[in-house]
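Here is the structure we will look at.
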Amino acid sequence: MTNNQTSEPDILYKIRNLVVEYHTRGVVVTAVDHVDLDIQRGEVLGLVGESGCGKSTLGKALMRMIEPPGVIAGGKLWFDGTELLSLPEKEMREWRGSKISMIFQDPMTSLNPVQRVDEHIIETIKVHEPETKKSAALERAQSLFERLGIQKRRLNDYPHQLSGGMRQRTMVSLGLSLNADLIIADEATTSLDVIVEAKLVDQLEEIRKEFWVTILLITHNIALVAQIADRIAVMYAGKIVEIGLVNDVFLDPLHPYTQGLLQSVPNIKFDEREELFKMPGEPPSLSNPPPGCRFHPRCPRVMPICSQVEPQLLEISPDRLVDCWLYQDLPEGYESTTEVEK
Amino acid sequence: MSEKPEVSVPENLVEVNNLKKWFQIQSGMLDGVLSREAVYVRAVDGVSFNIRRGEVFGLAGESGSGKTTIGRLVIRLEEPTEGDVIFDGIDLATVKSGEMRKMRRRMQVIFQDPMASLNPRMTIGEAITHGLKIHFPGDSENHRDTAHNMMEKVGLTPPNFFYDKYPHQISGGQRQRVVIARALVTLPDLVLADEPIAMADVSVRALLLDLMVRLKNELNLTYLFITHDLATAKYICDRIGILYLGKMVEIGALRDVYTHPLHPYTQALMTAVPVPDPRERRTQAMPAGEIPNPINPPSGCRFHPRCPIAQEICSNEEPELRELEPGHSAACHFAEDFL
């Protein structure tokens with residue numbers, strides 16, 4: 001943990017009861033379903049889940065970048081004390097980029113193909129800080145490029161002339177150029193080759209310390225989270241099912257989904273466990289999720305209550321939240337007997 | 001259905017010798033006027049390896065390493081610029097195109113994206129029986145049964161439920177099984193699996209890998225498994241070849257290559273792959289730079305500009321792929337240092 005004080009953690013982004021829905025052809029898909037999440041200042045929080053679990057939608061919602069047919073249907077987004085959902089769009093635009101910056105899997109879609117990289121960075125700085133001189137903005141861009149290990153002459157290049165790794169670092173420097181407090185990296189390293197990915201991860205780690213920036217790492221790559229994150233949040237079918245310190249969650253996962261997921265992650269190191277866990281079934285469709293706990297049809301420890309009543313994400317020990325009936329008191333009339341395994 | 005040779009089968013199902021594939025970069029009119037020389041991308045530049053009968057041979061590398069091109073060359077979806085592919089004792093270069101069509105039954109492909117490789121307007125049954133219609137046209141009354149049989153083997157049960165469905169009506173994991181069934185229904189000898197499970201989610205990957213191994217044993221298959229994911233390769237490959245910029249830099253039994261890699265590039269790859277354990281965080285720095293442009297690869301050893309132990313010889317002399325311990329070869333001037 002970066003916060004070694006024992007007092008209340010310093011929360012940069014407090015997400016409460018967030019609901020994001022997509023309305024298509026009369027079907028409502030709840031991609032983010034009543035999510036509560038705290039992002040602590042200065043931490044790297046890894047948000048993991050499989051495709052379609054809602055993790056990218058959650059990331060976009062944090063920037064208020066949900067586009068129709070998607071809609072933020074409810075909740076509160078407290079960023080550094082300000083509730084973002086009640087801000088007028090014009091004001092929100094100021095926040096995007098300057099306070100919260102987002103890096104996507106494919107930087108080509110975020111960079112302008114007919115604009116040189118330096119122009120892009122300078123323009124970004126000028127939009128948010130009209131008083132900054134062009135020369136000062138250029139200087140800032142140059143020092144960030146050098147800091148991220150790109151020769152500053154590459155600032156004259158167009159995006160297509162840069163390698164994939166350089167493009168991603170350009171996106172990082174865009175975020176840093178405005179001193180963003182939070183960088184949301186959504187599968188930002190996924191399309192990179194493994195050595196380039198490892199280097200970008202090293203650099204994120206360095207700039208986190210140097211610029212005191214908070215990073216939300218949204219990824220399907222669970223091993224990457226083990227390498228860089230302080231805490232991990234596991235998402236399944238629109239819900240967060242477990243949150244905790246990486247050491248705690250990786251060494252002792254509590255939610256049966258987390259348990260299965262971690263055992264099915266391939267590990268390049270040879271150890272005693274040379275078989276991957278074969279989790280039955282597939283993640284459910286969000287347009288028609290199973291009742292009760294969404295994981296119950298695949299859960300090896302399912303109980304009668306699990307198919308009927310939804311559990312809650314509750315703090316069961318310090319820094320540890322789990323959304324599972326195994327760890328909370330059952331309502332009257334339910335027994336905690338585990339059904340015979342299928 | 002399949003006519004397996006009975007006596008003295010060669011140990012290697014596939015032998016690849018000095019395989020090269022250079023792609024000419026589209027030269028425009030201006031290049032002609034200025035009489036510029038044609039420029040080539042050396043996607044595969046002199047690669048040799050064997051695939052043993054019944055094994056899973058992995059080819060791993062980063063983007064631009066040539067792994068996909070090699071796969072396509074092995075099953076003759078591309079013609080090599082130079083070099084041979086010997087399939088079950090037959091030099092594929094000598095096979096006429098009509099004969100090649102028959103050979104295709106014996107070499108099938110599983111591609112990465114099941115949605116892209118299935119025709120959205122063909123039912124699952126049509127997709128699976130398509131190969132049977134081509135290769136066993138005289139046997140049409142049995143096609144449905146044969147398909148059903150294979151669908152049961154890959155876990156698309158009950159087959160009747162899936163047979164008339166379209167790809168968009170089934171789940172991603174089920175589509176992946178359709179693609180596997182379609183490849184195996186003609187009872188091939190060799191299956192080229194090009195990133196076959198890269199699109200699948202972690203929680204369904206293990207089942208698919210397990211399925212592929214089971215079917216391999218049951219149907220006497222040999223896999224050429226192409227991947228960029230070294231961690232996943234560990235769970236299926238018997239032997240593995242590591243490619244860098246169109247060259248084989250290391251080849252050997254998977255455990256040997258993973259536990260004591262002999263090429264500095266393989267070593268870098270092995271440390272770069274993140275380990276899903278927060279107690280084992282990587283501390284080693286990564287090699288400098290990125291993969292160079294294959295149009296104009298570095299002289300000598302192609303890895304030398306990024307190599308932490310490069311000496312003068314490395315930029316002048318190209319290292320040969322040498323066997324350094326039984327069944328384990330590497331192309332590095334200093335590989336002995338790592339033995």
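Looking only at residues in the stretch B:126-150 that are among the small types (Gly, Ala, Ser) and over 22 Å from residue B:212 (Cβ atoms), which one is surrounded by the most Cβ atoms within 10 Å (Cβ to Cβ)?
It comes out as B:140.
What number of residues within the stretch B:165-217 satisfy the criterion of being within 10 Å of chain A (Cβ to nearest Cβ), of a type in the set (Ser, Thr, Tyr) and assigned to a loop (DSSP other than H, G, I, E, B)?
Going through the stretch B:165-217 one residue at a time, the tally reaches 1.
Residues A:256, A:290: which one is more than 9 Å from chain B (Cβ to nearest Cβ) and touching a residue at least 60 places away in the same chain (Cβ under 8 Å)?
Criteria check complete, one pass: A:256.
Tally the residues that are hydrophobic (A, V, I, L, M, F, W, C), farther than 15 Å from residue B:336 by Cβ and outside any strand (DSSP E or B), restricting the search to the stretch B:245-262.
3
I'd like to know if the stretch B:76-87 contains one or more residues that are buried (at least 19 other Cβ atoms within 10 Å of the Cβ), in a loop (DSSP other than H, G, I, E, B) and at pLDDT 95 or above.
There is at least one residue in the stretch B:76-87 that is buried (at least 19 other Cβ atoms within 10 Å of the Cβ), in a loop (DSSP other than H, G, I, E, B) and at pLDDT 95 or above.
Conditions tested, residue by residue: (1) under 14 Å from the mean Cα position of the chain (by Cα); (2) under 30 Å from residue A:148 (Cα atoms); (3) of a type in the set (Lys, Arg).
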| residue | (1), (2), (3) |
| --- | --- |
| A:204 | no, yes, no |
| A:223 | no, yes, no |
| A:227 | no, yes, no |
| A:232 | yes, yes, no |
| A:266 | no, no, no |
| A:282 | no, no, no |
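Looking at residue B:225 and the list (1) at pLDDT 95 or above; (2) within 14 Å of chain A (Cβ to nearest Cβ); (3) in a helix (DSSP H, G or I), which single condition is not satisfied?
Unmet for residue B:225, out of (1) at pLDDT 95 or above; (2) within 14 Å of chain A (Cβ to nearest Cβ); (3) in a helix (DSSP H, G or I): (3).
Just one of A:240, A:268 is away from every other protein chain (no Cβ under 12 Å) and either more than 30 Å from residue B:236 (Cα to Cα) or not acidic (Asp, Glu) (or both); which is it?
A:240
With respect to residue B:320, is the statement that it is within 14 Å of chain A (Cβ to nearest Cβ), surrounded by fewer than 21 Cβ atoms within 10 Å (Cβ to Cβ) and in a loop (DSSP other than H, G, I, E, B) true?
no
Please determine, by comparing only the residues of the stretch B:272-315 that are surrounded by fewer than 19 Cβ atoms within 10 Å (Cβ to Cβ) and not in a loop (DSSP other than H, G, I, E, B), which one is nearest to the other protein chains (Cβ to nearest Cβ).
It comes out as B:305.
Within the stretch A:77-95, is even one residue assigned to a strand (DSSP E or B) and among the small types (Gly, Ala, Ser)?
no
Using the structure shown, decide if residue B:36 is more than 21 Å from residue B:85 (Cα to Cα) and at pLDDT below 95.
In short, yes.
Residue by residue, here is whether (1) of a type in the set (A, V, I, L, M); (2) touching a residue at least 40 places away in the same chain (Cβ under 8 Å) holds:
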position: B:47; (1), (2): yes, yes
position: B:58; (1), (2): no, yes
position: B:62; (1), (2): no, yes
position: B:67; (1), (2): no, yes
position: B:76; (1), (2): no, no
position: B:89; (1), (2): no, yes
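The values are calculated or read from the model by the stated rules, or taken from the named source; none is laboratory data. The structure displayed is predicted, hence computed values, not measured ones. Virtual Cβ from ideal backbone geometry, glycine too; neighbours counted across all protein chains shown.
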